[in-house]
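Each reported figure results from applying straightforward, stated rules to the coordinates on display, with no laboratory input. Keep in mind the model is a prediction, meaning the values are calculated, not measured. Don't worry about glycine lacking a Cβ; one is built from the backbone with ideal geometry, like all the others, and counts go over all protein chains shown.
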Amino acid sequence: MASNFAIRTNGLTKQYGQAVAVNKLDLTIKAGQFYGLLGPNGAGKTTTIHMLTTMTSPTQGDAWIAGQSVLTDPVAIRGTVGLVFQDSALDRMMTVDENLKFAAALYKLPPKQATARIEELLTIFGLENKRHMKLVALSGGQRRAVDIARGVLHRPDVLFLDEPTIGLDLPNRRAIWRFVEQLRKEEGMTVFLTTHYLEEAEACDWVDFIQKGKLQQGGSPNTLIRGLATYILEIDCADTEAVYHKLSADFGQPIWEDNHLSFRVIDNKVDFSQLQKSLGNAVNSLQWRKPNLNDVYLWTVCPPQTGAVV
Ligand SMILES: Nc1ncnc2c1ncn2[C@@H]1O[C@H](COP(=O)(O)OP(=O)(O)O)[C@@H](O)[C@H]1O
Ligand SMILES: [Mg+2]
């Protein structure tokens, strides 16, 4: 297996009894890429990461990390991957420094090397002044930063981040992304991310959607977004049926939520003010905006139900 692929899977499958959590996944992720696996709760994201990091065995298929098989080389793989899970692996009653030293010992890093690496990571994560604080005393964002630092102590080739920003507020989410970006730049790590905050995945080189264990359409976020629409037209309707009948011939099936309709607009020459005038009193407000990955998900992974709205 060529090892310029950081990750490769072939028919990777996990079944729990009759339930198929991950269904014949075929992935190739090049070294150094920032990859996003996106999907709703229960789609199979965590199970995929568990198989790729040898925490659970596939029931069918195989996967390779830097050319090593999860079936035959699990020990080698554990040395080349870093993991950051939703449930923290840290001890909250220990200080930042103690947690990182403890983890370094588990990784069997020689003490001198461990101290240097911990210093380096405390600097990247802006935690130099917090090193003697117990984790309970830190903010959620700072604790997550320590979690990531712990996950990369041994300079893994591939870093797995399972919903790393869940439960964090926006400034902390941004900070976490800055740290990840810095790690990627300075250490050339491949990053395998799962998230259901889809807008965060727009920095990925490539994203795939997963739904009920099956891989859906994937691509670079830009290509997916550009391929979806030029604009998303959002309309609060006074007369929803009237707006629907007037616009669906031109713009196709909308997403319909109560009295709100969203249409995909592919043509970039639409005169929206004119359109609003022509709809008159049927419309309370009309806005248009650039599409994003959430829209790609809504339209292509969960497409509008034809006929369900009339
Ligand atoms: N240990 C397990 N035993 C039985 N079913 C499981 C187990 N772990 C996960 N599942 C099921 O597998 C599916 C995928 O779960 P998961 O990978 O955790 O999804 P995600 O991370 O995308 O939310 C879900 O239906 C979940 O209930
Ligand atoms: Mg999960």
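If the chain linking Met133 and Lys246 were pulled fully straight, counting 0.36 nm for each residue of separation and taking away their Cα-Cα distance, it would gain 34.5 nm.
Could you check what % of the DSSP bridge pairs in the chain are antiparallel, to the nearest 5? Show your work: numbers first, answer last.
On the way: 35 of 53 bridges.
Counting DSSP beta bridges with both partners in the chain, the antiparallel share is about 65 percent.
Inter-label distance, Asp236 to Glu120: 5.3 nm, where each label sits 7 Å from its Cα along the C-beta direction. Can you list the aspartates and glutamates whose alpha carbon is less than 15 Å from that of Lys185, not counting same-chain residues fewer than 8 positions off? Excluding near neighbours in sequence, the set is Glu120, Asp157, Asp205. Net charge in the neighbourhood of Ser248 (other residues with Cβ under 13 Å of its Cβ; Lys, Arg +1, Asp, Glu -1) is 0.
Cross-link partners of Lys24 among aspartates and glutamates, defined as those whose alpha carbon lies under 13 angstrom from its own and excluding same-chain residues fewer than eight positions apart: Asp62.
May I ask for the net charge around Ser88, where only other residues with Cβ less than 14 Å from the Cβ of Ser88 are counted and Lys, Arg are +1 while Asp, Glu are -1?
Working: positive: Arg92, Lys134, Arg143, Arg144, Arg150; negative: Asp87, Asp91, Asp147, Asp162, Glu163.
That works out to 0.
The distance between label points at Tyr16 and Asp62 comes to 2.7 nm (points 7 Å beyond Cα on the Cα→Cβ vector). Each Lys or Arg adds one and each Asp or Glu takes one away; over the other residues whose Cβ falls under 15 Å from the Cβ of Lys214, this sums to +2.
Which of rounded, prolate or oblate describes the range 178-264 when judged by the alpha-carbon gyration tensor and an a/c cut-off of 1.5? Prolate.
By the gyration tensor of its Cα atoms, with a ≥ b ≥ c the square roots of the eigenvalues, what is the shape of the chain: rounded for a/c under 1.5, prolate for a/b over b/c, or oblate? It is prolate, given that a/c is not under 1.5 and a/b is the larger ratio. Simple spin-label estimate for Gln86 and Trp288 gives 3.9 nm between the two label positions (7 Å along the Cα-to-Cβ direction from each Cα). By the rule of a C-alpha distance below 20 Å, with chain neighbours fewer than 8 residues away ignored, the lysines paired with Lys290 are Lys269.
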